[in-house]
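Novice: Next up is a structure, given as structure tokens.
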Amino acid sequence: MSQKADNLIAVLDAGSAKTRFLIAELNDGALRYRGHGIVDSAGTRKGVIAELAPAVQSINQAATQAEDRADATIEQCIISIGGPHIRGLNSRGGISLGTRLREITREDVRAAVDRARSISLPPDREIIHLLPQQFVLDEQAGIHDPVGMVGNRLEVNLHIATCSASAQQSIVTCANKAGLEVTETVLESIAAAEATISADERELGVCLIDIGASTSELIVFFEGSVAHTSVIPIGGDHFSNDLAVGLHVTPPEAEWIKCQYGNAVVTSVSQLTEIELQGMPGFEPRVVRQRLIGEILEPRARELFHMLRDNLRQGGVLEALGAGCVLTGGGARLAGLLDVAESQLRVPARIGSPVPLSRMPQELAQPECATLIGTLLYTHRTSVMRAAEDHSLRAKLRAIFAGSL
């Protein structure tokens, strides 16, 4: 019999190709896998909800699978959000602390962040994350946490991640109609980074590109902070569609061909190997050279990383990738893609697989589940940080009242 549990955390990743739902249990500060559900997505197009009813059904099916495996009833969840509507920008603002030096408090930090976020945004934009890059105290830069330091003026360099308000509301509405209350929204690239990028890589400078079905989400870390976020309008489906057109096969067969025989580097494929294609309905099967598949896929792969390189250059972070590039998401599985990434960006590249949870099945320890696992890890880490801040504030208040007695 399923039971409700206060120590369960549920996360939803409603992608263009798959809808994934994960339930984890929190025991003594540690996360442990309880159940998951994965179904084909419906009602989505190019990374956004196009039809509510099919999308609601996909979410409901994935959540039901996860609840059955976890033997629990879930009423709340955290969702990840991505797509071509994501925008990132940098801002700077600060506050004066008075003419005399005084100690920086947590409230001062919040006030500086609020000042930096006070920029003009279009009415259809919604802020997802406020990500401090560094604080500047009396012109002394490079400070990550100024609380407890003393000074006259506090400024902050802030990265602001925004999304389309209507696109965000659409996915929230779908979750609500599936019987789930959405308690938090997490940017997909931040979630994927949480599960795949190390602290050393964040410090040296690294670009994570999460290659989904419709789009590729990217995020750059430098000196431990988010320096740039953006979206490239190319995903795994574009590779499959190229094959479907070039080989005259159905989209499902094109996807299968890509996974089984695809390679983004033509010269890595033998000129002698041949494969049989079923082709379109009503036509006879035929044999083609496997190298032809690479000839179709390589230009698309080069286009993806050429657009990525231009995006990084425009963002001023192309030269900040001391730790290289990390590819994750289902699209990262394409053979030869790492070679294309290294040749276009001229930095080392690797595949990013998510950190496994305790008792988690092996099928989830794959690049396509990085956003799902990362959403869970990010939510847990930020909740622990907020709890620590609240505890510290309560301790200070108790000390103040005790001193006044």
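Novice: Is it fair to say SER80 is closer than 20 Å to VAL226 by Cβ and modelled with pLDDT of 95 or more? Working first, answer last.
Specialist: Working: closer than 20 Å to VAL226 by Cβ: yes; modelled with pLDDT of 95 or more: yes.
Criteria met by SER80.
Novice: So, one more: Among residues belonging to region 317-359 that are at pLDDT below 95 and in a loop (DSSP other than H, G, I, E, B), point out the one that is farthest from HIS238 (Cα to Cα).
Specialist: Out of the qualifying residues, it is ARG359.
Novice: Then there is this: Name every residue in region 280-299 that is charged (D, E, K, R), within 13 Å of ALA264 (Cβ to Cβ) and surrounded by fewer than 17 Cβ atoms within 10 Å (Cβ to Cβ), in order of residue number. Break it down into steps so the answer makes sense when it comes.
Specialist: As a first pass, look at region 280-299 and keep what is charged (D, E, K, R): 284, 286, 289, 291, 295, 298.
Retained after the next criterion (residues that are within 13 Å of ALA264 (Cβ to Cβ)): 291, 295, 298.
Listed by number, the list holds a single entry, GLU295.
Novice: Out of curiosity, is ILE171 out of contact with any His (no Cβ under 9 Å at 6 or more places or on another chain), within 29 Å of PRO299 (Cβ to Cβ) and in contact (Cβ under 8 Å) with a residue 60 or more places away in the chain?
Specialist: When the stated conditions are applied, ILE171 does not pass them.
Novice: Checking the condition under 14 Å from VAL220 (Cα atoms), touching a helix residue (DSSP H, G or I) at 6+ places or on another chain (Cβ under 9 Å) and not basic (Lys, Arg), which residue from GLY352, GLY329, GLY322 passes?
Specialist: Numbers: GLY352 fails: under 14 Å from VAL220 (Cα atoms); GLY329 fails: under 14 Å from VAL220 (Cα atoms).
Of the residues listed, the single one that is under 14 Å from VAL220 (Cα atoms), touching a helix residue (DSSP H, G or I) at 6+ places or on another chain (Cβ under 9 Å) and not basic (Lys, Arg) is GLY322.
Novice: Still on this structure, I have one more. Identify all residues within region 251-269 that are without any contact (Cβ under 8 Å) to a residue 60 or more places away in the chain and in contact with a helix residue (DSSP H, G or I) (Cβ under 7 Å, 6 or more places away or on another chain); write none if there are none. Write out each step before concluding.
Specialist: Going residue by residue through region 251-269, those that are without any contact (Cβ under 8 Å) to a residue 60 or more places away in the chain are 251-257, 260-261, 266-267, 269.
The answer is PRO251, ALA254, GLU255, ILE257, TYR261, VAL266, VAL269.
Novice: I would also like to ask the following. Sort out which residues of region 7-42 are surrounded by fewer than 20 Cβ atoms within 10 Å (Cβ to Cβ) and either without any contact (Cβ under 8 Å) to a residue 24 or more places away in the chain or among the charged types (D, E, K, R) (or both), and write them in order of number.
Specialist: ASN7, LYS18, GLU25, ASN27, ASP28, ARG32, ASP40, ALA42
Novice: Given the options ILE275, ILE257, name the one that is part of a strand (DSSP E or B) and at pLDDT 90 or above.
Specialist: On inspection, the qualifying residue turns out to be ILE275.
Novice: Of (1) touching a residue at least 60 places away in the same chain (Cβ under 8 Å); (2) in a helix (DSSP H, G or I); (3) buried (at least 18 other Cβ atoms within 10 Å of the Cβ), MET307 satisfies all except one. Which?
Specialist: That leaves (3) as the condition not met.
Novice: In this structure, is GLU107 closer than 24 Å to THR382 by Cβ, of a type in the set (Asp, Glu), modelled with pLDDT under 95 and under 22 Å from the mean Cα position of the chain (by Cα)? If you could, list the steps in order and put the result at the bottom.
Specialist: Working: closer than 24 Å to THR382 by Cβ: yes; of a type in the set (Asp, Glu): yes; modelled with pLDDT under 95: yes; under 22 Å from the mean Cα position of the chain (by Cα): no.
Answer is no for this residue.
Novice: Moving on to the next point. Of VAL220, VAL172, VAL186, which residue is touching a Phe, Trp or Tyr at 6+ places or on another chain (Cβ under 7 Å) and at negative phi? Show your work before the answer.
Specialist: Values: VAL220 fails: touching a Phe, Trp or Tyr at 6+ places or on another chain (Cβ under 7 Å); VAL172 fails: touching a Phe, Trp or Tyr at 6+ places or on another chain (Cβ under 7 Å).
The conditions single out VAL186.
The values are calculated or read from the model by the stated rules, or taken from the named source; none is laboratory data. None of these values were measured; they are calculated from a predicted model. Glycine also receives a Cβ, built like all others from the backbone with ideal geometry; neighbour counts cover every protein chain displayed.
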